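Laboratory data are not the source of any read-out in this text; all were calculated from the coordinates shown. Because the structure is a prediction, the values reported are computed rather than measured. So basically every Cβ, Gly included, is an ideal-geometry build from the backbone, and we count neighbours across all protein chains shown.
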Amino acid sequence: MRTILLLIALSSLLFAKPLPLLFSGNDKISSRDLYDILGLRLPYPLEVWENKPVIESLHISQSITALTSYYRSRGYFEAKITAIDTNESITLNIQENSPIHVSDIQINSTLNIEKAVELSPDDLFDQEKFSATKTKIKKRYHEAGYCNATFNSKAWVDTQTHEAHLLFEATPNEPCTFGAIVATSTPNIDGNLTASLLRFKEGDPYNLEAIQKSYEALYAQEAIARVSINDTDRIGSVVPITLGIEEVEKPIRFTTGLGYSTDQGIGAQIGIKHRNFLGDLKTLSLDAKYTQIKENASAVLSVPLQNRLSAHGEVGYVNEQFEGYRSQSVFEKLTLKHQDIPSSVLVALLFDQAKTYQSTNIEAFPESNLFILSPIAEINIDTRDKLLEPTRGNWINAKAQGSILSSYSDATYFKTLLSGAHIQSFGDHILAAKAHWGVLRTYEGQVPSAYRFYAGGMNSNRAYTYRDLGPKDLNGDPLGFNSLLEGTLEYRFPIYDPIRGVLFSDLTYGSDNYFPDYKIPYWGVGAGLRYSTPVGPIAIDVGANPNDFGQYTIHFRIGELF
């Protein structure tokens, strides 16, 4: 009889209906965090279509154990959790009791590791922060070249006085250096070439950051599918390196796409790229793009060289509609680039057969067919953590190009561009600022009208449509500028995952002289939304002139501005 009753009781548990799960008594830790620990999701108030979290009676004991461990890791060593089952809901009643606070922290270290310590006196003794501190201290020593450092971290917890006494010790031992580098070749890629892409060489001080940058440099080569940098076979303080790579199985890649932007309207693209053309990481790509105001086609051959150098050759065609005229360009460009992380330097030679035609204002936009031979120099420094959705870092770009009137070029001109951005995060909140300055100066001859600066649009002043900011001729067509200064300030903030908001201010100065006219500002303010996706945030911005709200524009794009 007892056996039958036991089986009936067990059966009722197995087929028991899941009940809503509630929490009470949790003053210091939110219910949302507690649901997360149990693998349950609490819907946001706006998600009225989602069901509230439920739990089966069979899982209550395991849930109490998991939550007790979590409270202990957050410093609540004496937390008590009990379950109340009303047959309509299950409530976990939590007595948090007095937590453990950090009383004192002792640090014995040759290197300065105070910034690595995530706990301070009087903080709750958070075991995750304690573990994270140990990891950061090891990383700090490894980054400084001490691969054989020894560590000792301890925590003494007194449950009577509710105090924790912490100790962090580190002994550097002998500094480490990179040893011999052995790079294996593949059927189509020379190991000596891949070894030259490493951000360190034999004899350099051992450095984890150099290894990480080497991974980034190698994975930037599209012909490489997998990279292995083995630094585990250490001989005392010498760290030999074994480099191995795997080629992509299918080097030829086709791309097609349709899109839309408020700057250029509906667009389509088609392309083909060989990511290991004739071996040794060379690439050959053919691309064609069409939008409502621009058509272009190009072919690019890229050849990696030794010592982080690469050579690029490009031929292309561009036909673009400006307000007031059309511009056509057939060009060739030869480039030599030195790519380091986070900086790069390039020099190039541009051969541009540029035609200006269908002008509605011959005086402002002279029709011409010009040949311009322009040397180009460019420096780029980019420390942003991500390209499409950065949360911190800096970006600086300086570019200069020009030409001398001769039988090889129809103008003596000089054009400079200087851009920079700073992005700073404060938790989930981000402040970002960007500035852009450019000057075009023509001394002799004539340059194409398309070489001038235009402002307005989603990548410029968002109170205006694309290239529509500034003085206009009698036909209402924008004249552009010889000099331009633009600044942007953004505040990016969370709304609820995956949606974020943005408040922004854009300011533009321009003139037909060689310095912007600071007496005539073009100001834009506005707000926007960002929806995070794997390819970057989908962005919608609404900008307006605060002195004339009739001047406003809506912009759409994918990715942050900077």
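Hey, which lysines would be in cross-link range of Lys333, C-alpha to C-alpha under 24 Å, not counting anything within fewer than 8 residues on its own chain? Cα-Cα hits under 24 Å: Lys273, Lys282, Lys289, Lys294, Lys355, Lys399, Lys415. Would you mind checking the tilt of helix 127-143 against the longest principal axis of the Cα atoms of the chain, expressed as 0 to 90 degrees and rounded to 10? The helix 127-143 is inclined about 50 degrees to the chain. The slack in the chain from Gln160 to Ala311, taken as 0.36 nm per residue of separation less the alpha-carbon distance, amounts to 47.4 nm. For region 17-95, DSSP calls about 65 percent of its internal beta bridges antiparallel.
All alpha carbon pair distances within region 177-247 were sorted into 5 Å bins beginning at 0; the resulting P(r) in whole percents reads 4, 18, 31, 25, 14, 7, 2, 0. A DSSP coil position with no more than 12 other Cβ atoms inside 10 Å describes the following GluC sites (Glu not before Pro) in region 53-149: Glu88. Computing Rg and the Kirkwood Rh from the Cα coordinates of the chain gives a ratio, Rg/Rh, of 1.06. Taking a straight Cα-Cα cut-off under 22 Å and skipping sequence neighbours fewer than 8 places away in the same chain, the lysines within cross-link reach of Lys201 are Lys139, Lys213, Lys337. Relative to the compact-globule estimate of 2.2 N^0.38 Å, the Cα radius of gyration of region 153-307 comes out at 1.62.
Calculated from the alpha-carbon coordinates, region 368-472 shows an Rg and a Dmax of 17.6, 59 Å respectively. In the chain, which longest range has no trypsin sites (Lys or Arg not before Pro) that are both DSSP loop (not H, G, I, E or B) and surrounded by at most 16 other Cβ atoms within 10 Å? With trypsin sites (Lys or Arg not before Pro) excluded where exposed in loops, the chain gives 42-200 as its longest stretch.
Can you list the residues of region 156-178 with backbone N under 13 Å from a point 7 Å past the Cα of Ile235, pointing along Cα to Cβ? Answer for this model: 177-178. Full extension of the chain between Ala527 and Tyr215 yields a length gain of 108.5 nm, computed as 0.36 nm times the residue separation minus the alpha carbon distance.
Toward the positive end of the charge dipole of region 17-95, with +1 on the Cβ of Lys and Arg and -1 on the Cβ of Asp and Glu, the farthest Cα among Gly25, Ile60, Tyr76 is that of Tyr76. Here the chain is assigned +1 on the Cβ of each Lys and Arg and -1 on the Cβ of each Asp and Glu. Its dipole about the Cα centre then comes out at about 600 debye. Kindly state, to the nearest 0.05, the FRET efficiency for Glu367 paired with Thr416, given R0 = 30 Å and r defined as their beta-carbon distance. Plugging the Cβ-Cβ distance into 1/(1 + (r/R0)^6) gives 0.65.
Ranking Thr356, Thr383 by Cβ neighbours within 10 Å, fewest first, what do you get? Intermediate values should be presented prior to the final figure.
Working: Thr356 22, Thr383 15.
By the 10 Å Cβ count, ascending, the order reads Thr383, Thr356.
Taking the fewest neighbouring Cβ atoms within 10 Å as the starting point, the ordered list for Leu124, Leu258, Leu67 is Leu258, Leu124, Leu67. Partners of Lys52 within straight-line reach, counting lysines whose Cα lies under 30 Å from its Cα and excluding those fewer than 8 residues away in the same chain: Lys17, Lys28, Lys80. Compared with the alpha-carbon gap, the fully stretched path from Ser98 to Thr255 is longer by 50.5 nm at 0.36 nm per residue. Fewest neighbouring Cβ atoms within 10 Å first, the residues Thr161, Thr177 line up as Thr161, Thr177.
Between 0 and 90 degrees, the angle of helix 208-219 with respect to the longest Cα principal axis of the chain falls at about 60 degrees. Helix 2-14 and the longest principal axis of the C-alpha atoms of the chain enclose an angle of approximately 20°.
Please say if region 305-558 is rounded, prolate or oblate, where rounded means a/c under 1.5 for a ≥ b ≥ c the square roots of the C-alpha gyration tensor eigenvalues, and otherwise the choice is prolate for a/b larger than b/c and oblate otherwise?
Oblate shape, in that a/c is at least 1.5 and b/c is the bigger or equal ratio.
Helical content of the chain, expressed as a calculated mean residue ellipticity at 222 nm, amounts to -4000 deg cm²/dmol (DSSP H runs of 4 or more residues, -39,500 (n - 2.57) each, divided by residue number, nearest 500). Specify whether the C-alpha gyration tensor of region 101-171 places it in the rounded, prolate or oblate class, a ≥ b ≥ c being the square roots of the eigenvalues: rounded for a/c under 1.5, otherwise prolate if a/b is larger than b/c and oblate if not. Taking the square roots of the gyration eigenvalues as a ≥ b ≥ c, region 101-171 is prolate.
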